[in-house]
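Data block below; observations after.
Read-outs: derived from the displayed coordinates by stated rules, not from any lab. Here the structure is a predicted model, which means the values were calculated and not measured. Positions of Cβ are generated from backbone atoms using ideal geometry, with glycine treated the same way; all protein chains shown enter the neighbour counts.
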Amino acid sequence: MTRPGFAFSHRLRVRYAEIDGQKVVFNSRYLEYADVALSEYWRWLKLAELPEWRSMEFHVARATVDYKAPFRYDDEFDAFARTARIGTSSVTSLIELVHAQTGALHTVIELVHVNVDLEAGRSAPIPLDIRHRMLGSD
């Protein structure tokens, strides 16, 4: 499935352990889906090929989840991911979770990660090569 504004997607399926007593996906699981989607997106970008990537340390600074419709057990969905914005030390990613069969948008997730210099204990600039790879794909 394709989606305007996104070059990358990764298909997932709802497992029994991810649903709650109302038989829908438990709310915290959507952030787990976003984490999987973002990990696969970064793999797709081949960021690990860049030497600077090994010294990157991203911490989540903000997570926004807009629930539009619940997923249920055994639903298949596509997690579309893209880099929405890069600041000096932060990256904003957009993830949209779309039902694989119906094409209905179920969830929109925005994640802001900050690159952290662990020794200094503060934010660190995102290297130019990383910046170009993240923004050049979409």
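A few notes on this one:
- Entry note, the chain: the mean residue ellipticity at 222 nm calculated from DSSP H runs of n ≥ 4, each adding -39500 (n - 2.57), is -5500 deg cm²/dmol after division by the residues and rounding to the nearest 500.
- Rounded to 10°, Cα long-axis angle of helix 29-44 versus longest principal axis of the chain: 50 degrees
- Distance from segment 1-60 to segment 62-95 (C-alpha centre basis), Å: 8 Å
- Ordering 116-126, 23-33, 63-73 by mean Cβ neighbour count within 10 Å, with the highest value first, yields 23-33, 63-73, 116-126.
- Most positive-pole-ward Cα, F26, M1, V116, against dipole of the chain from beta carbon charges: M1
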